Each structure stands twice: as structure tokens, then as C-alpha cells.
1. Can you name the condition, by its number, that Ser150 falls short on among (1) of a type in the set (S, T, N, Q); (2) free of Cβ contacts under 8 Å to residues at least 40 places away in the same chain; (3) open to solvent by 40 Å² or more (accessible area, probe 1.4 Å)?
2. So the check is Cβ under 6 Å with 6+ separation or different chains; which pairs have a first residue in the range 83-106 that's within 10 Å of Ala140 (Cβ to Cβ) and aliphatic (A, V, I, L, M) and a second one that's part of a strand (DSSP E or B) and open to solvent by less than 100 Å² (accessible area, probe 1.4 Å)?
3. Determine which member of the set Leu117, Leu171, Leu161 is under 16 Å from the mean Cα position of the chain (by Cα), more than 27 Å from Ser71 (Cα to Cα), part of a helix (DSSP H, G or I) and of a type outside the set (Val, Ile, Thr).
4. Within the range 52-76, how many residues turn out to be free of Cβ contacts under 8 Å to residues at least 40 places away in the same chain and either outside any helix (DSSP H, G or I) or touching a strand residue (DSSP E or B) at 6+ places or on another chain (Cβ under 7 Å) (or both)?
5. Looking at the range 96-114, which of the residues that are open to solvent by 60 Å² or more (accessible area, probe 1.4 Å) and not in a helix (DSSP H, G or I) is nearest to Val41 (Cα to Cα)?
6. Scan the range 238-246 and give yes if some residue there is outside any helix (DSSP H, G or I) and open to solvent by less than 40 Å² (accessible area, probe 1.4 Å), otherwise no.
7. Within the range 106-122, is there a residue that is modelled with pLDDT of 95 or more, in contact with a Leu (Cβ under 9 Å, 6 or more places away or on another chain), within 16 Å of Arg175 (Cβ to Cβ) and β-branched (Val, Ile, Thr)?
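The values are calculated or read from the model by the stated rules, or taken from the named source; none is laboratory data. Fair warning: this is a prediction, and the values are worked out from it, not measured in the lab. Every residue, glycine as well, gets a Cβ built from its backbone with ideal geometry; the counts of neighbours run over all protein chains shown. The area values use the complete protein model at the heavy-atom level, side chains included, leaving out ligands, DNA and RNA. Shrake-Rupley method; radii C 1.70, N 1.55, O 1.52, S 1.80 Å.
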Amino acid sequence: MSLGHTMRSLVREIFLDALTEAGIGEAFERHVSYDRGVLRVCEDLYDLKSYSRVLVISLGKAAHRMAEILSRQLGSTVQGIIADPNPSAYQLPGYRYFNGGHPQPNQESVRAAEAILKSLSALNEQSLAIFLISGGGSAAVEKPVDDEISLPDLIATYKVLVLSGSPIAQLNAVRKHLSATKGGGMARAAHPAQQVSILVSDVPENALDSLSSGPTMPDTSTLDDCCRIVRDYNMLPYFPSSVRELFDRHALTETP
């Protein structure tokens, strides 16, 4: 056997081992466990018996898979909402399903956002919100910050952002400030409930507010950043009038 063949075999073995370890099931085994009513997420403990309600919100391209693995541990003790752009072969009991769009939002994306925000707003101090977040949630769950922005306007806005040439981080900064769910919007809706987010991330560790546009993360971008990006990439003339007017009237507000 040649040295080149040996090296290729070794590299392939390393790659396959790494791929296995990166699986969602394996990651949950390392970081999440449930025993005698207590949920452990890394070093944090949550006694589920102490909460009047536990709500699971799972979104993104791994939404069904993440909720499925969590449900194996928790059983039927929790209910929630799953917004996944990929239709699943079966549905978990106790969950409402929405097949939001990707890479563009669709009507299911808006319905998912409305259902999630309504459910979160019903929580109180005795509640626990468990967020399961993976990539692709930006389009799968979306509600414009202004009700005057229709779904066609929302889709047109997404197209302007994608075609603007701006880097993804700057694109997300604009999306966050035009959305009721992104940039910490879900965390704000869930207040004053206790909250924990479990992330399957496809972004750098120092940019977790970019994952699905950070629905539960503190937003590192500002409204000034948003306006500057729109100006620098000349987006404003191409936005639908309902979106353009928000900038003209300075009607946008800061994200959490």
C-alpha cells in the first residue's frame, strides 16, 4: 500500500469520525440530559416540575430533529411549535408544525411567527421557554415589524438584500431591524419567563446572533448600523414602498 493511499484513508477516517461527532444526536448526548424531572443544558439545571408551563420553540432546518431528540428525553411532558422548511415524515405529539419557506419566507413563515409570538406572550414568571435554533430559521419564521408590509413586499425586500452584495452579517443587521422575531425579538416576547436556547450552529462562535438572525440573542448590530448599510449599498430605492417609508419616517426602533 502506497503512502499516498494510506494518507487518503487516514484523512477519510478522520473526516467521517468528525462528521459523526458533529451529529445532532451526539451533540445532545454531550450537552443535554434529563433525569428525575431535571433538565441539564451544559452546566445549567432546570427543574421542570417547578414551572407552571414549559414551552418548546424549535426553528430552522434541524427543527424537527432537535425537537425529536429532546422529546426522547422529556417524553410527553412538554408541548411547543416546530417551524422547519423541510417537511417531516411524521409529527411529534404535542407540537404544532409549520413548513416555513427557505431561502425566501412564505405564508407558513408568517403563520409560524404569529403562532410563536402569541404563545410566548402568554408565558409568565413561572414559565420556561426552551428554544431550539438551527440554521435556516431566518426565512422559516418571519413577521415584519410593521403590519403594512405584505408577504409579497417581504419577499421583495429579501431579494433586494440578497442581491445587494452586502456580507451576510450586514444583511442580517437589516433583516433584524425589519422583523418582529429576529435580533432578540422572541426573547423579548417571552419575557418575563425563564429562557434557555440550545443552538446547532453554522456560524462562528463569536457571532451567534447571526444564527437564524438571533431570535433569542442580544443583537450586536444597531439601528444606526442598519440605516448605514441600507445607504452604503443603495438598497432604499429598490425596497417596496411599505419598507422604504419606514426608513423615510425614521419609524424603525432598536432591537434588544
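1. Result: Ser150 passes all but (2).
2. Between residues of the range 83-106 that are within 10 Å of Ala140 (Cβ to Cβ) and aliphatic (A, V, I, L, M) and residues that are part of a strand (DSSP E or B) and open to solvent by less than 100 Å² (accessible area, probe 1.4 Å), the close pairs are Ala83/Leu59; Ala83/Phe98.
3. Leu171
4. Here the count works out to 1.
5. My answer is Arg96.
6. Our first condition is that a residue be outside any helix (DSSP H, G or I); within the range 238-246, this holds for 239-240.
Within this subset, residues satisfying the condition of being open to solvent by less than 40 Å² (accessible area, probe 1.4 Å) are 239-240.
Checked against the condition, which is being outside any helix (DSSP H, G or I) and open to solvent by less than 40 Å² (accessible area, probe 1.4 Å), the range 238-246 yields at least one hit.
7. yes
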